[in-house]
Amino acid sequence: MASAPDDLAPQAALAALGWGEPFVSSFAQHADPGRRPGRVVAEDRGLYLVATAAGDVAASVSGRFRFESNEDAGAWPAVGDWVALDSRPDGGTIHAVLARRSAFARLAAGKKTRTQVIGANVEVVFVVTSLNHDFNPRRLERYLAAAWESGARPVVVLSKADLAEDLDASLLAAESAAPGVPILVVSAVDGTGLDEIRSHLAPGRTVALVGSSGVGKSTLINALAGRELQAVAEVRLDDGRGRHTTIRRELVRLDDGALVLDTPGMREFALDDDDGIGSSFADLEAIAAACRFGDCAHLSEPGCAVQAATRDGRLAPARVEAYLKLSREAVHAERRHDALARIAERRRWKIIHKSVQAHMRERYGDAR
Ligand code: GDP
Ligand code: ZN
């Protein structure tokens with residue numbers, strides 16, 4: 001982009017929204033005249049609130065985007081996404097979703113089962129689990145696996161330290177469930193650990209909190225913000241075509257400049273279940289109950305109801321695969337540590353590799 005003095009303020013505004021690589025490069029491929037980058041901060045049935053250097057714009061996707069992405073839910077804009085849009089007084093048009101640096105996705109139910117993105121471009125994800133009697137290392141592992149999968153960097157937050165029954169034992173359990181991951185002990189009640197959380201925040205950095213309902217995510221967000229964020233997040237949306245709605249801003253900027261992504265999808269994210277694969281597969285488990293063998297692995301057993309449902313289209317193969325993968329992981333809890341370590345290591349190398357490449361390009365140009 002040009003760097004005329006006029007551009008400095010808009011550049012600063014974009015930086016405050018988290019602008020940077022890989023979005024800059026991705027935008028360069030979509031930078032037709034009149035298009036500018038913006039970040040989705042809220043969504044309501046196909047209507048998006050997009051923050052730009054020149055303020056918020058209500059926008060919807062272009063006809064072409066709709067046509068090309070119709071089948072692929074994962075391609076549609078999600079909160080946290082950077083998009084290329086043009087905006088007129090009657091509302092903005094989103095032409096492209098820029099390359100994501102991370103994405104939390106879930107398998108959406110329905111006939112056209114596809115991956116649906118529920119939060120994009122989170123850099124640090126706080127995996128919150130409370131230190132009261134609900135503390136559960138298995139659940140923590142699950143959230144961590146999902147966090148690593150997303151491409152965001154996880155930080156474990158053990159909340160409600162004031163209610164901890166055996167802090168040392170819980171810490172030990174958390175450490176073995178989350179090898180190599182920072183573990184913070186916090187209490188919103190007495191302020192323990194809030195500064196440590198803040199040390200993972202930075203201006204323009206996008207963070208998110210995941211974890212079961214009731215572990216204290218809202219309380220923590222409000223403690224970090226120093227005010228009730230829920231209350232200030234309401235925005236009125238007017239798409240310029242007669243549609244008015246009030247929605248909640250789901251990407252919120254804290255006073256110190258960090259961005260918190262907090263969508264209902266993120267809140268319900270990962271598998272919220274103590275002893276199984278979670279309610280996200282309730283329909284599948286209901287079908288599996290009809291398998292001939294109680295210990296059916298749903299692979300090639302005779303009388304397998306899951307395979308039958310896959311064949312006749314009631315269950316999407318990808319979803320069954322995900323379920324089987326998770327079941328295997330649940331059975332082989334021990335091996336999960338290895339898997340996590342592998343994912344982490346792979347990602348670390350990918351990032352190192354990328355930054356080395358970027359460095360080489362910067363130094364020696366593209367023609368190497
Ligand atoms: P969320 O569902 O994860 O957003 O959880 P909330 O933030 O709504 O908190 C659930 C309950 O736990 C509320 O009654 C909070 O007051 C309480 N709570 C949150 N943080 C703490 C804490 O650090 N210590 C104690 N004792 N209670 C807390
Ligand atoms: Zn079966």
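For the reader, a short list of remarks on this structure follows.
- Flag if Thr192 is in contact (Cβ under 8 Å) with a residue 12 or more places away in the chain and more than 22 Å from the chain's Cα centre (by Cα): yes
- The lone exception for Asn121 - which of (1) on the phi < 0 side of the Ramachandran plot; (2) modelled with pLDDT of 90 or more; (3) within 20 Å of the chain's Cα centre (by Cα) it fails: (1)
- Test result for Ser176, away from ligand 1 (no atom under 16 Å from the Cβ), of a type in the set (S, T, N, Q), modelled with pLDDT of 95 or more and open to solvent by 40 Å² or more (accessible area, probe 1.4 Å): no
- Glu165 being at pLDDT below 95 and open to solvent by 20 Å² or more (accessible area, probe 1.4 Å): yes
- Helices (runs of 4 or more DSSP H) (entirely within the range 137-237) containing at least 2 residues that are hydroxyl-bearing (Ser, Thr, Tyr) and in contact with a Ser or Thr (Cβ under 9 Å, 6 or more places away or on another chain): 137-150
Every residue, every condition in (1) assigned by TED's automatic domain parsing to the domain that holds Pro22; (2) farther than 20 Å from Arg267 by Cβ, yes or no:
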position: Val50; (1), (2): yes, yes
position: Phe67; (1), (2): yes, yes
position: Ala78; (1), (2): yes, no
position: Asp81; (1), (2): yes, no
position: Tyr143; (1), (2): no, no
position: Ala147; (1), (2): no, no
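- Against the conditions (1) near ligand 1 (Cβ under 8 Å from one of its atoms); (2) at pLDDT 90 or above, Leu201 satisfies every one except (1).
- Answer from Ala177, Ala161, Ala120 - the residue that is of a type in the set (A, V, I, L, M, F, W, C) and over 19 Å from Ile221 (Cα atoms): Ala177
- For Ala31, the criteria (1) at pLDDT 95 or above; (2) surrounded by fewer than 19 Cβ atoms within 10 Å (Cβ to Cβ) hold in every case but one, which is (1).
- Here Leu220, Leu184, Leu237, Leu209 are screened, and the one residue that is more than 16 Å from ligand 2 (Cβ to nearest atom), buried (at least 17 other Cβ atoms within 10 Å of the Cβ), modelled with pLDDT of 85 or more and over 20 Å from Leu167 (Cβ atoms) is Leu209.
- A count restricted to the range 69-116 and to residues that are crowded, with 24+ Cβ neighbours inside 10 Å and modelled with pLDDT under 90 stands at 1.
- For the range 287-304, taking the residues that are over 19 Å from Lys325 (Cβ atoms) and hydrophobic (A, V, I, L, M, F, W, C), the one that is nearest to ligand 1 (Cβ to nearest atom) is identified as Ala289.
The values are calculated or read from the model by the stated rules, or taken from the named source; none is laboratory data. Since we're looking at a predicted model, the values are computed, not measured. FYI the Cβ positions are ideal-geometry reconstructions off the backbone, even for glycines, and counts take in every protein chain you see. Ligands, DNA and RNA are excluded from the accessible area calculation, which covers all protein heavy atoms including side chains. Shrake-Rupley method; radii C 1.70, N 1.55, O 1.52, S 1.80 Å.
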